[in-house]
Amino acid sequence: MKKFITGNHAVAEAVRLCRTQIVAAYPITPQTPIYEKLSDWEAAGELGGIMMRTESEHSAMAACLSASLAGVRAFTATSSQGLALMHEMLHFASGCRAPVVMACVNRTLAAPWAFWSDQTDSLSQRDTGWIQIYCEDNQEVFDSVIQAFRIAEGVLLPCMVVLEANYISHFMEPIEVPEQEQTDRFLPPVKIPERFDVDNPSFVAPVVSQVQFEAFRHLSYEAMSNALDVIEEVDRDFGDHFGRNYGLVEAVGLDGAELALVTTATITSTARVALAGLREKGHRVGLVKIRVFRPFPTRILREILEPVPRVAVLERNLSLGREGIFCSELKAALVNSEKPHHVQGYLAGMGGTNVDPDLIERVVIDALSRERVSDEPIWMMEKK
Amino acid sequence: MVVKAQSRPAEVLRPGHAGCPGCGHAMGMRMVLRALGNRAVVVVVPSCVAVISGPYPYAALNVPMFHSAFEIAAPTAAGISQALKIQGKDDIPVLAFAGDGGTFDIGLQSLSGAADRNEDFIYVCMDNEAYMNTGIQVSSATPRYAWTGTSPMGNTRRKKHIMEIMAAHRIPYAATACIGFADDLTAKVKKAKEMRGTRFLHLLSPCPTGWKMEQHLSPKAAVAAVETNIFPLYEIFGGSEYVINYRSKGLPVETYLSLQGRYRHLRPEDVKSIQAETDRNWEELKRRV
């Protein structure tokens, strides 16, 4: 069935269709409409699961991860400050292998205060051991939430589906919403370990020795590495069920390209338009969208970029003292390539400023014509 | 009285725990868990309770357990309790043990949130009146004048009144208990187990290491705390109905203070001031009954 809904509403629809059993959440702009929509459905008896209205995001994640360890399907949503407050529990959820699913609506982190799209909040959680999927539009958000439960429960690691403030969270788009039975066929009822079994008591997350800690970390490392295959497999199967899929990364027009523009999330949609125009004008430029950030799809990125000499990374986030975070990650992924690449980072859209086709065109022209690559990112700032 | 072997309750805390000799927490946990039974899920958070529970791969408690993070005993227990209900296991009680730091200080917000929602679990605050697990630092449960590593001249603040805070949440049940009165403690755990919603036990458990006293004195100190009215035994139903469970002998506070090296530096006027405050608190409690 087609529905004309916001990205936040799409998240809520997916959470309900996935027969989520526990939602624990706390309000924060711009995530709150997810929390409200699920509350409406709970009040109307249409949610299936239960809502826990915790007093903070930190407690929301505490409740989600412990419910997940008990063996039920758990979900939360947050943004920005809320995600930062959860930080301790994000490590905890991953460390005790709780397959919680979260929607993170990217929003600037204070200070200064603002409410617009900026990926630094979710990227700051890079090392917490969560799978991270960055989405381009409402349909992808909806589909990724459904995929996320199967991925997380398959590898026993938590999964974050990331959508941008306003550009996705509050924009309405027509999306395809499947029937319940169709979703059930793709995502069976939850079947994860029930760790608190009174007939077989065990101790979850006790104190361990140095050697044991290292061994547990290695197990998590293997699970996260294995997640790359699982994400691809789940995505392919999703395609078989619903006729749409996304891959770990997406490459457009890389054949014979002199430059690959690398983007994530909503900037990708604009780049599709801008690059089509540039190719018509004879510029040899292709597009690479990175969808899965953790685990990082190193091998596939190295393969598809192998024949492309120049790479420009355009992104809406910043690690102060370095550059855009996707740019650093991509450079690290390419460092062992047979042929060296010229990788130039560009920052745009910071704080939710608009990234229009003109800006993208300027980035491409700069990257194609530049004689020396700068180690510093190039700021494509709006002049205000 | 001879208890027949068949009717003797099974121990849930097994021998071989990792507490200090004479640890009041270990005694308290043993009593609480024996009353609770082993068909339950137990949450512990960083505190001596988590140490006592044993390092991997050992487990001193014969129940499914989760060692969660410091400040979230309550929402962790709530999450498990809600999940068990969804799975149809609503006859399995969930009990959380947290220390005084994890309850009075860093865990107070999340405990308040869970109590406000009247989440269904038993919360036991194991109060040894300081951060003992990190080596004796002052908490808001430390009494006035008590020595700790971060109150070397004696604590200048009064002990936070956690029972009043919990009562203000109008939870179904809140009670004080201590290891010196085992029958009272056992009865309270059993009573709490039969109820639903947020149930709170404030359990005073002396710490020979942190209180600077001999190892065998934990039960005696706990009895003295009650008999001097420093720690009265009472219950609060629904946040307003107070019941005093034990009429103490009203012994002078020195009986309690003199057992403990953490009060060694007290001047006579300090003792007087503690006596006066104890008397005020006792009168106030009696007025509420």
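Here is how the numbers come out for the structure above:
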item: Candidate set: the range B:67-82, residues that are within 8 Å of chain A (Cβ to nearest Cβ) and hydroxyl-bearing (Ser, Thr, Tyr); chosen: the one farthest from residue A:57 (Cα to Cα); result: B:68
item: Search result, residues across the range A:87-111 that are outside any loop (DSSP other than H, G, I, E, B) and away from chain B (no Cβ under 14 Å); result: A:101, A:102, A:103, A:104, A:105, A:106
item: Single unsatisfied condition, residue A:72 versus (1) more than 25 Å from residue B:89 (Cβ to Cβ); (2) touching a residue at least 40 places away in the same chain (Cβ under 8 Å); (3) buried (at least 24 other Cβ atoms within 10 Å of the Cβ); result: (1)
item: Matching entry among A:204, A:249 (being within 12 Å of chain B (Cβ to nearest Cβ) and either at pLDDT below 95 or open to solvent by less than 40 Å² (accessible area, probe 1.4 Å) (or both)); result: A:204
item: Residues that are in contact with a helix residue (DSSP H, G or I) (Cβ under 7 Å, 6 or more places away or on another chain) and part of a strand (DSSP E or B), drawn from the range B:115-147; result: B:121, B:122, B:123, B:124, B:125, B:126, B:127, B:131
item: Matching option when the condition is open to solvent by less than 10 Å² (accessible area, probe 1.4 Å) and either outside the structural domain of residue A:159 (by TED's automatic domain parsing) or in contact with a Pro (Cβ under 8 Å, 6 or more places away or on another chain) (or both), among A:56, A:66; result: A:66
item: Residue satisfying all of: in the range B:55-66; at the interface with chain A (Cβ under 7 Å from one of its Cβ atoms) and surrounded by fewer than 21 Cβ atoms within 10 Å (Cβ to Cβ); modelled with the highest pLDDT among these; result: B:62
item: Filtered residues of the range A:103-133 (kept if over 30 Å from residue B:56 (Cα atoms) and either outside the structural domain of residue A:74 (by TED's automatic domain parsing) or touching a strand residue (DSSP E or B) at 6+ places or on another chain (Cβ under 7 Å) (or both)); result: A:103, A:104, A:105, A:106, A:117, A:118, A:119, A:121, A:122, A:132, A:133
item: Given (1) in contact (Cβ under 8 Å) with a residue 40 or more places away in the chain; (2) within 18 Å of the chain's Cα centre (by Cα); (3) farther than 25 Å from residue A:180 by Cα, index of the condition residue A:99 fails; result: (3)
item: Complete set of residues in the range B:179-196 that are outside any helix (DSSP H, G or I) and either touching a residue at least 60 places away in the same chain (Cβ under 8 Å) or at positive phi (or both); result: B:179, B:181, B:196
item: Some residue of the range A:350-363 being closer than 15 Å to residue A:310 by Cα, open to solvent by less than 20 Å² (accessible area, probe 1.4 Å) and at pLDDT 95 or above; result: yes
item: Residue satisfying condition, being within 24 Å of residue A:105 (Cβ to Cβ) and touching a Leu at 6+ places or on another chain (Cβ under 8 Å), within set A:161, A:252, A:204, A:262; result: A:262
item: When residues of the range B:83-110 are limited to those that are touching a helix residue (DSSP H, G or I) at 6+ places or on another chain (Cβ under 6 Å) and open to solvent by 10 Å² or more (accessible area, probe 1.4 Å), the one farthest from the other protein chains (Cβ to nearest Cβ); result: B:93
item: Matching residues, the range B:187-220, being buried (at least 17 other Cβ atoms within 10 Å of the Cβ), polar (S, T, N, Q) and farther than 17 Å from residue B:127 by Cα; result: B:198
item: Among (1) in contact with a helix residue (DSSP H, G or I) (Cβ under 6 Å, 6 or more places away or on another chain); (2) surrounded by fewer than 22 Cβ atoms within 10 Å (Cβ to Cβ); (3) away from chain A (no Cβ under 12 Å), the one test that residue B:34 misses; result: (1)
item: Test for residue A:84: is it of a type in the set (Gly, Ala, Ser), open to solvent by 10 Å² or more (accessible area, probe 1.4 Å), farther than 22 Å from residue A:19 by Cα and part of a loop (DSSP other than H, G, I, E, B); result: no
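Condition check ((1) modelled with pLDDT of 95 or more; (2) part of a loop (DSSP other than H, G, I, E, B); (3) aliphatic (A, V, I, L, M); (4) under 16 Å from residue B:147 (Cβ atoms)) across all residues:
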site	(1), (2), (3), (4)
B:220	yes, no, no, no
B:242	yes, no, no, no
B:249	yes, yes, no, no
B:276	yes, no, yes, no
B:287	yes, no, no, no
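The values are calculated or read from the model by the stated rules, or taken from the named source; none is laboratory data. Quick caveat: nothing in here was measured; it's all calculated off a predicted structure. With ideal geometry, Cβ positions are generated from the backbone for all residues, glycine too; neighbour counts draw on all protein chains shown. Surface accessibility is based on the protein's heavy atoms, side chains included, excluding ligands, DNA and RNA. Shrake-Rupley method; radii C 1.70, N 1.55, O 1.52, S 1.80 Å.
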